[in-house]
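A.B. asks: Sharing a structure here in structure tokens format.
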Amino acid sequence: MNLSDLRLSPSDYRPRPPDGRRYRIGVIGCGSIANAAHFPAYRDFGYEVAACADVDADAAEAARVRWGVPTAGVDPAVVLDDPAVEIVDLAVHAQVRAELWPAIVGAGKPILSQKPFAMSWDAAARMTQAAEAAGVTLMINQQARWAPQHAAIKVLIERGVCGEVFSVAHVRRSFQDHPDRWFAAMPDFNLMDHGIHFVDLLRHFSGRTPDAVTTTSAMMQGQHSVSPMSHTVAMHFDHGGLTAIDHFNNIVQSPAAWSEAWHVDGTEGSITGAPAWVEVTRRDEPERRVRWPIQGRWFPDAFGGSMGELMAALNDGREPLTSAHDNLNSLRIAAASARSAAEHRTVRLEEFVEPGPETFRLL
Ligand SMILES: NC(=O)c1ccc[n+]([C@@H]2O[C@H](COP(=O)([O-])OP(=O)(O)OC[C@H]3O[C@@H](n4cnc5c(N)ncnc54)[C@H](O)[C@@H]3O)[C@@H](O)[C@H]2O)c1
């Protein structure tokens, strides 16, 4: 491989609508993320939203007017029972998803659920099993995989620029310690909610799920959030050949210091990725580096990509890339990390086993 011949164009990594049939969407939850990313992405990608619901009548009505949705109401049944709705899109909190789960699954329609699918491993495993038992396709919206800056890294890994990947490292520095927002009151928000994107991406890039994690976290003096907003997750792989680390400091005081970097190292070369660019270096051309600017944005573009993946999976009769079953692995890492940080010990992922069918029937 020669760096001069290496090409990367936006069409290689930008999310796009699926080939073939598109499905009409019903959105439950018309809050921040629905308005900031779901509705705008569906408009940009040409997807049709047939109905929306929010327990807050003003939110439902505002979404109806702003996004031109034919039907809106306060009852999720407005979405679930509408024959025009073919995919149920859940933009409510995990707690609400759990409460509504029997009705949602009972509707029998394919589901795209916001992450984190559930705030506990047990709830996620049980809800996944309920959907499987009902024969309902369930995908978790780990849309960061379709963000242009992440999709570009994945394309380059698949083209073999790194050779055999033996190290993946992620460092993110940002700030979300807002006392007036829901996440300040959510236990383990940084690890279980926002941070699940990054452990999911570590799995996506490396193609592997760790066997154990060692996680440290720290509270900052005077912070508003109930749980630590800074953590480091070190991942252990029993069969060796890979080291992975995620450092997410989400309480960095000065915006001037906010940044993000991915480092993927392999036997033949390395990829460094930032939100605005991606760079490749190779062992056999030690003085050279090739950098491409990234076109497109995570918000809202990636949300059109993840919904497009669910539609493509339905067209192909296959499991979506971030199916609930696949996502249990990312959730298991997040749950193990929270336990590791709380108990100051390395936690093996096998501590989080799926309840068997027998247990499931009893729950
Ligand atoms: N990049 C991402 O993937 C991303 C980013 C932000 C948030 N999220 C996730 O999206 C979810 C929602 O976050 P948000 O910031 O939009 O929250 P939010 O509080 O702004 O919105 C949630 C909405 O759900 C509505 N709701 C509550 N109970 C309901 C019910 N029973 N039926 C219908 N609607 C109901 C609320 O009225 C509110 O409008 C969370 O799980 C969050 O983690 C994901």
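The values are calculated or read from the model by the stated rules, or taken from the named source; none is laboratory data. Keep in mind that what you see is a predicted model, and the values were worked out from it rather than measured. So basically every Cβ, Gly included, is an ideal-geometry build from the backbone, and we count neighbours across all protein chains shown. Accessible surface is based on the protein model in full, side chains and every heavy atom, while ligands, DNA and RNA are left aside. Shrake-Rupley method; radii C 1.70, N 1.55, O 1.52, S 1.80 Å.
A.B. asks: Please find, among Ala84, Ala124, Ala144, the residue that is closer than 27 Å to Met235 by Cβ, more than 9 Å from the ligand (Cβ to nearest atom) and in contact (Cβ under 8 Å) with a residue 60 or more places away in the chain.
C.D. replies: Answer to the selection: Ala124.
A.B. asks: List every residue pair whose Cβ atoms sit under 6 Å apart, with the two residues 6 or more apart in sequence or on different chains, where the first one lies in region 221-235 and is in contact (Cβ under 8 Å) with a residue 60 or more places away in the chain and the second, anywhere, is among the charged types (D, E, K, R).
C.D. replies: Listed by first residue and then by second, the contacts come to Val233/Asp246.
A.B. asks: Within region 308-323, does at least one residue satisfy the condition of being over 19 Å from Ala134 (Cα atoms), part of a helix (DSSP H, G or I), among the polar types (S, T, N, Q) and open to solvent by less than 10 Å² (accessible area, probe 1.4 Å)?
C.D. replies: No, the conditions are met nowhere in region 308-323.
A.B. asks: Now for a different question. Could you list, in sequence order, all residues of region 100-119 that are more than 14 Å from the ligand (Cβ to nearest atom), farther than 14 Å from Val27 by Cα and in a loop (DSSP other than H, G, I, E, B)?
C.D. replies: Across region 100-119, the qualifying residue is only Gly108.
A.B. asks: Say whether the condition of being at positive phi and open to solvent by 20 Å² or more (accessible area, probe 1.4 Å) is met by at least one residue in region 153-171.
C.D. replies: Yes, that holds for at least one residue.
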